[in-house]
Amino acid sequence: MTKQNNKSTRNKSKPQDKAKNELIGGGIIVFLLVLAPFIFYSYEGLSSESKTWETSLFTIETSFYSINTFGWFLVSKIVPIYLLLIWFFTCKHWWHWIILIPLAMYIFQLWGIINQSRNADEVEFFYLLPLMMIIVPAVYLIRAKLFAKVRGNDLRKFEEELGTRKSIFGQLKDLFQ
């Protein structure tokens with residue numbers, strides 16, 4: 001006697017459970033997005049005159065004008081990193097890897113602020129170049145392969161499109177198809 005393949009014994013989630021899980025996940029994402037302004041304006045609770053912030057756990061001394069200024073610089077980099085990370089992990093599009101470039105830029109800028117560098121926001125581009133040299137061609141290659149699958153592998157039509165003169169508006173329209 002063999003055991004029947006009964007659908008009721010299979011471990012499948014019900015559509016209602018899936019919708020409930022998506023609703024809870026969406027609620028968590030919305031909550032995290034609503035927190036962003038509160039995180040950004042948290043620097044206003046810092047002392048605005050001294051260059052030292054002392055607590056029972058730690059002491060921070062800064063070369064910025066004040067701890068408040070240091071906090072403003074800090075949260076002005078942390079909040080975009082926070083929002084870009086949410087966008088990167090929730091984006092379902094094929095191009096979401098390109099979000100790593102501005103994310104890396106903000107991380108390099110944050111590192112400059114934490115190290116109290118006076119040239120913050122100036123040399124990060126040179127650190128980003130190697131990352132851009134990997135990510136941009138990879139994303140463009142994925143786009144080209146998707147474009148070839150959607151349009152077909154008819155290279156003659158593609159060459160004809162390249163040979164036609166188009167206005168700037170027509171070229172922009174083709175880029176975002």
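None of the figures in this text is laboratory data; all of them are computed from the coordinates on show. Just so we're clear, the structure is a prediction, and the values are computed from it rather than from any experiment. No Cβ is skipped: glycine too gets one built from the backbone with ideal geometry, and neighbour counts run over all protein chains shown.
Its residue count N fixes a reference of 2.2 N^0.38 Å for the stretch 15-131, and the Cα radius of gyration divided by that reference is 1.33.
Panel order for 46, 85, by other beta carbons found within 10 Å of each beta carbon, from fewest to most: 85, 46. Only Lys, Arg, Asp and Glu carry charge here, each on its Cβ (+1 for the first two, -1 for the last two); on that basis the stretch 46-137 has a dipole of about 280 debye about its Cα centre. Between residue 127 and residue 38, the distance separating the two model label sites (each 7 Å from Cα on the Cα→Cβ line) works out to 3.0 nm. As a proxy for reagent exposure, 150, 136 were ordered by neighbouring Cβ count within 10 angstrom, fewest first; the result is 150, 136. Note on 52, 69: ascending count of other Cβ atoms within 10 Å places them as 52, 69, the fewest first.
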